[in-house]
1. With N set to the residue count of the protein assembly as shown, report its C-alpha Rg divided by 2.2 N^0.38 Å to two decimal places.
2. If you build a Gaussian network model of chain B, linking Cα atoms that sit under 10 Å apart, which residue out of B:Thr175, B:Thr13, B:Thr213 swings the most?
3. Extending each Cα 7 Å along its Cβ direction at A:Ala257 and A:Thr213, get the distance between those two points in nm, one decimal.
4. Beyond 27 Å, what share of the Cα-Cα pairs of chain B is found? Please give it as a whole percent.
5. Only counting other Cβ atoms within 10 Å, I'd like A:Phe216, B:Phe49 sorted with the fewest neighbours first.
6. Mind checking B:98-104 for the average number of partner chain beta-carbons within 10 Å of each residue's beta-carbon?
7. Starting from the Cα of B:Glu153, step 7 Å toward the Cβ, then list every residue of the range A:111-135 with an amide N under 14 Å from that point.
8. Quick one: B:Glu121, B:Glu42, fewest Cβ neighbours within 10 Å first, how do they rank?
Number of protein chains: 2
Amino acid sequence: MCELLGMSANVPTDLCFSFTGLLHRGGGTGPHRDGWGVVFYEGKGIRAFRDSAPSVESEIAKLVSQFPMKSCIAISHIREANVGVVSLENTHPFVRELWGQNWTFAHNGQLANVDDLPLGEFTPVGTTDSERAFCWLLAKIKYRFGDPDTIAEDRVNYWRQLKRWCDHLKDMGVTNLLFSEGRYLYAYCSTKLTWITRRAPFGEAQLSDAEMTVDFGEHTTCNDVVTVIATKPLTNNESWTQMEPGEFIVFDQGEVAFSLS
Amino acid sequence: MCELLGMSANVPTDLCFSFTGLLHRGGGTGPHRDGWGVVFYEGKGIRAFRDSAPSVESEIAKLVSQFPMKSCIAISHIREANVGVVSLENTHPFVRELWGQNWTFAHNGQLANVDDLPLGEFTPVGTTDSERAFCWLLAKIKYRFGDPDTIAEDRVNYWRQLKRWCDHLKDMGVTNLLFSEGRYLYAYCSTKLTWITRRAPFGEAQLSDAEMTVDFGEHTTCNDVVTVIATKPLTNNESWTQMEPGEFIVFDQGEVAFSLS
């Protein structure tokens, strides 16, 4: 299986601390040696870094963990391959353009019978079940809603529909998901996904997977709201909220905008 | 204006030397301070690095210039903005999926009336004339040829058609282009583009923009063939071939597979 990491914030925030925790699980404290990737949104643009080497040994991962790239939405993934060989094109997160937006998708789990999913015009580049599920989801969104204006007219209806499509994937196998179109961060839990929102008064946090402590009070203002979502809690001195199987949460600028179980 | 850099090779080759020369023009020896990007193909996958900061000051650019990422096709671009603000989504090269292939596109020049170009289902994320031209070109390719098998049946016919579409863009303004779908590297010259093929016996090369010399004989085998394409020659002790206005060259594994003026 794989591990997921996501961030939603109301001010551009770096992911260095959480990413350091995650990358130690990529061949260090965890078995996820088959590549890693991270996407940072900056405006409508993205920075994507990925490598088919284990994150704990990756020069690029070291740069990402040390160089503060600030973003309001980030999605990361470390991989332990089950479907699809170890290669760059099979490395999450996957990115596709739809309606002039960069959509990003990362999956932890394994799906049966993905070949049955109709994909519309979205063709997978690699051979993972995950990228195929992403293409299917994009095609569903495109053909059901047509354009972003239709979605904006009734966003809650759209979010309910997203959850139903996630439920459909869950019926095919383990489906823990993080995805985004650059404004909202969508989290769907099938077996394990946990999250924490940090806001004033900020305290100190201690990584579970590396000897690293950060005092968020030194790096934030009193208005900052930052939510981090991960497969397992990344820190050992904070209280993380475990998502329920079938739970879908929409994060907007660090806050929960919508949730449905 | 901007500067382009491309590489086509028959063995995975790093771009460190050429990229070092290019990045010095991004705010150092050249005025191209408005961002930079590079795409490396690895199998069907890509690594993309981009930054809206000047390349000469960019931490990410430093990593790319020092850490040998080996690839048979790479495309890079440094930007001096004319159309579209300085932002990540306006930073070349642009990448889109078509037919399960990652297509990459970088442009040096400026096009008039790009809003008149029909784009089909490909929507620009940013606001550059270049990304719009890329979306138009992809739509043309998709609707004229339908799938990669049709192209493979008569590749020369396809290449002739690509050149006609590049000519159409050239009629709209300066159009120096590098693009690829991962196998072939396409170069189109409207005003300036130059290239060099290095093969055994390999010699020493001296960068024009930085004090750096490399002896390619130490890093290659006698079968290696590596072509580098750039806006202006990157070295001052080798003989580069200047492309003619309207000339279109297809590079395949370092060799010229097709050319048409």
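1. So the protein assembly as shown has a normalised radius of gyration of 0.97.
2. Residue with maximal mean-square fluctuation among B:Thr175, B:Thr13, B:Thr213: B:Thr213.
3. Once both label points are built, they end up 3.7 nm from each other.
4. 31 percent
5. A:Phe216, B:Phe49
6. Per-residue shielding by partner chains comes out at 3.
7. No residue passes the distance filter.
8. Taking fewest neighbouring Cβ atoms as first place, the list is B:Glu121, B:Glu42.
Read-outs: derived from the displayed coordinates by stated rules, not from any lab. Keep in mind it's a predicted model, so treat the numbers as computed, not measured. Cβ atoms come from the backbone with ideal geometry, glycine included; neighbour counts cover every protein chain shown.
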